[in-house]
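Report on the structure given below.
Each value in this text was obtained by applying a stated rule to the coordinates, not by laboratory testing. Everything numeric in this text was worked out from a predicted model, so none of it was measured. Ideal geometry is used to build each Cβ from the backbone, glycine not excepted, and the neighbour counts take in all protein chains shown.
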Amino acid sequence: MQDKDAMVLDPGCGSGSFLVRAYHRLRELKGYPRETRGMLAYAYHQELLDQVYGIDINQFPAHLSVINLAIQNPRARIKTVNVLVEDFFNIKPGITTLTGFKSFTAEGAQSTVTLPPFFDAIVANPPYIRQELLGGSEKETIKELIEGEYPKKLFIGSAPREAKDAVVLNKQSDIYIYFYIHGLKLLKDEGRLGFISSNKWLEVAYGEPFQQFLQENTRILYIVEFDRAIFPDAEVNTAVTILEKEKNRPKRDSNLVKFIRVKKKLGMDTLIQLISEMKKSYEDDDIRINLAKQNQLAPGKWSIYLRAPSVYQKIVLHSKIKQLGEVADVFRGPTTGWNDYFILPIEKAKEWSIETKYLEPCVSSPKKIRGLAFSQENVSEYFLMVHEAKDTLKGTNILKYIDSGEKLEIEVTRGAQRGKRRLYELETVKNRKPFWYSLPQFAKPLILIPKLVDKQIQVIWNKAKAHASDLFYYVIPGKDEDALVILGFLNSSTGALLSELYGRSYGGGVLDLKVYEAKQIPVLDASKLSTFERSRIDRAFEQLVEVVELRCKAEDDLENVKSKERPSVGLFESEAKKKLNEALENESKAREQLDEAIYDILGLTSEERRQVEEGLRELQQIRRLRTKT
Ligand SMILES: C[S@@+](CC[C@H](N)C(=O)[O-])C[C@H]1O[C@@H](n2cnc3c(N)ncnc32)[C@H](O)[C@@H]1O
């Protein structure tokens, strides 16, 4: 805030800490001293109070705001403090309304507050209330108000067909989203709004239409996140967002959005100077500033700009890069409904002597795969794959197995269907076509991405073309021969960095990829590579697969030696350890080769290569730290 005459509002003012800050900011801009004695100081006090407005739905915090503002000069007599006890969604620009307190003017009338038609600055830490917890009437009030404020431009839930270009806000939106939107309505053109709010809108589905709304109504100046080390007690997952209301499209489009991550504590003046003056992306030990042109930002995971090293933009804008979903079909493996029945370990299949044509090789969990490739000899489980009616199966063993399934009772421990249930009554099973026992017949994938990642993402070369459970995503490239490029890329440091950025990790330190996130991961488009580039990746990846396999074998050998109690064990053990170390060394060399092949294609400088590796390490570290909280 630079204007000494600015009118300031906090629409969810609580005890008024932002209002008090605004009061003193205005005092400083006006050059008034802190001194609270004397007639002049009394006059200043009312003048400053006339520029700050607060609203809170609750009496008690609103009361605290009044007190906290009034005591900035306890001796001065004042006429009004502009704090209202009111629901922000009942507030219209310029209204005069009762304060909501039992308070009276000197003349005995009930006190009122008149809001200015528009504010120059709006600040708040709006409440976070998930939509499920919002009352029905509050939702109605908000919908009516907001759709009325942005006629034909903004809708909640759904829009009429003729409003093709309207923004349709997701019904799941948290209340703070509406604080932004209604707040902007009370703001002057070119006025500024600064909120500290949940950062979820930067990455979850309901954030996307809101991002589009911001792009179409404001210049998004700064989005700032502070590392936990700075505010250890602060609410996690908050971001500061500063917007400028802007009607002029070219001005909005040419704006550079600054995504800022503050890593170390910096003085407020230093921070403001750094971020306001920086004209290009920048990073040091204290801060990271990523700039992105406002009209080039596609609504989506904007959180990436806070978390990514600045080389990220060079990678995603590279002409040989496309989204995984553009070069391959990506979908989640089938949910069987009951793995114990639909996935048969080899022993069980033998025990029932199930006819092989009803069994398809599969893999139930990433835990069953060691290394980067899954081959025929690794197969130890089968999907039941029957699409024939029972009466055509007379005399077969598969029929016996289906009959046994029909008798099966299952204890459901989660969801609405708790209790004992027949297998074919389960939600996922009962609607299956043509029969309850018919798993979907998906195409077989050459590439499998695990849904959950613990250490570093390992994307599997499914040489066996086995099916997989819903713990995997199937990735089926347009052409089979492009698979190795995708595999090589995703298993490189660059691919791992991008997977970390596109996935999420809320708890437990595990990286969780949703299918739409997996589809967005940028990868090399094999069709754009020269024969040399392509074969360089293919070879480097194949080499890596081989040495990883040798490393796994060396690990097993060492375990074997350790488990055998023999007098000469010491000698065998040190030999096995030596072998393992060699294998590990070969693996890291192979990883380097693969990384280099990709860096060369992307034309990364040595500094940018460092950023990829450093960025990856950092994201993995942050993710693992989440286990402890
Ligand atoms: C996170 S607190 C703000 C804290 C404040 N910055 C302070 O310094 O104390 C959010 C405030 O919004 C208020 N609030 C919640 N829903 C509201 C609504 N619909 N209209 C106005 N205020 C609301 C709550 O009563 C609460 O005081």
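Highest mean first, how do 87-95, 448-456 rank when packing is the count of other Cβ atoms within 10 Å averaged over residues?
448-456, 87-95
No solvent, one uniform scatterer per C-alpha: report log10 I(q)/I(0) for the stretch 214-356 via the Debye equation at q = 0.13, 0.14 1/Å, two decimals.
-0.71, -0.78
What does the highest-first list of 556-562, 129-135 look like by mean Cβ count within 10 Å?
By packing density, highest mean first, the sequence is 556-562, 129-135.
Classify the stretch 196-276: rounded, prolate or oblate, from the alpha-carbon gyration tensor (a ≥ b ≥ c, eigenvalue square roots; a/c under 1.5 rounded; otherwise prolate if a/b is larger than b/c)?
It is oblate, given that a/c is not under 1.5 and a/b is not larger than b/c.
When all alpha-carbon pairs of the stretch 390-490 are counted, what percent fall beyond 23 Å?
Tail fraction, whole percent: 50.
Going by how many other beta carbons lie within 10 Å of each one, how would you line up 182, 467, 387, fewest first?
387, 182, 467
Using the 10 angstrom Cβ neighbour count as an exposure proxy, how do 276, 111, 198 rank, fewest first? Please list the in-between numbers first.
Details: 276 10, 111 15, 198 22.
Ordered by Cβ neighbours within 10 Å, fewest first: 276, 111, 198.
What order, most packed first, do the peptides 390-403, 512-525, 278-291 have when packing is the mean number of other Cβ atoms within 10 Å of each residue?
512-525, 278-291, 390-403
Take the Cα atoms of the stretch 478-552, find their three principal axes, and give me the spread along each one in whole Å, biggest first.
41, 32, 19
Per-residue ellipticity at 222 nm for the chain, helices alone: DSSP H runs ≥ 4 residues times -39500 (n - 2.57), over residue total, nearest 500 deg cm²/dmol?
My calculation for the chain gives -11500 deg cm²/dmol from helical runs alone.
Which pairs break 23 Å Cα to Cα here: 153/188; 348/553; 279/322; 368/589; 293/528; 367/444?
On the way: 153/188 19 Å; 348/553 27 Å; 279/322 28 Å; 368/589 26 Å; 293/528 26 Å; 367/444 20 Å.
Check vs 23 Å cut-off fails for 348/553; 279/322; 368/589; 293/528.
So what's the chain giving for Cα Rg divided by 2.2 N^0.38 Å, two decimals?
1.21
Please compute, over every Cα-Cα pair in the stretch 8-123, the percentage with a separation greater than 18 angstrom.
That fraction is 48 percent.
Any chance you could tell me what percent of the C-alpha pair distances in the stretch 509-583 go past 15 Å?
Counting every Cα pair in the stretch 509-583, those more than 15 Å apart make up 71 percent.
Taking the number of other C-beta atoms within 10 Å as the exposure measure, put 385, 268 in order starting with the fewest.
Least to most surrounded, the residues fall as 268, 385.
Semi-axes, largest first, in whole Å: what does sqrt of 5 times each Cα gyration tensor eigenvalue give for the stretch 334-441? Mind showing how you got there, number by number?
On the way: eigenvalues 109, 76, 30 Å².
Semi-axes (√(5λ), whole Å): 23, 19, 12.
For Cα pairs less than 8 Å apart in space and 6+ apart in sequence, what is the mean separation divided by the residue count of the chain, i.e. the relative contact order in percent?
It rounds to 9 percent for the chain.
Considering only the chain, what is the antiparallel percent among its DSSP beta bridges, to the nearest 5?
70
Output the direction-averaged projected area (hull surface divided by four) of the convex hull of the alpha-carbon atoms of the stretch 422-578, in nm².
Its average projected convex-hull area is 14.4 nm².
How compact and how long is the stretch 140-245, expressed as Rg and Dmax of its alpha-carbon atoms in Å?
Computed over the Cα atoms of the stretch 140-245, radius of gyration and Dmax are 14.5, 50 Å.
Please state the relative contact order of the stretch 334-441 as a whole percent: Cα pairs under 8 Å, 6+ residues apart?
30
Collect residues whose amide H, placed 1.01 Å from N in the peptide plane, falls under 5 Å from the amide H of residue 246; neighbours closer than 5 in sequence don't count.
The answer is 190, 218, 219.
Given the Cα atoms of the stretch 125-307, and with Rh set as the inverse mean 1/r over their pairs in the Kirkwood sense, what is Rg to Rh to two decimals?
0.97
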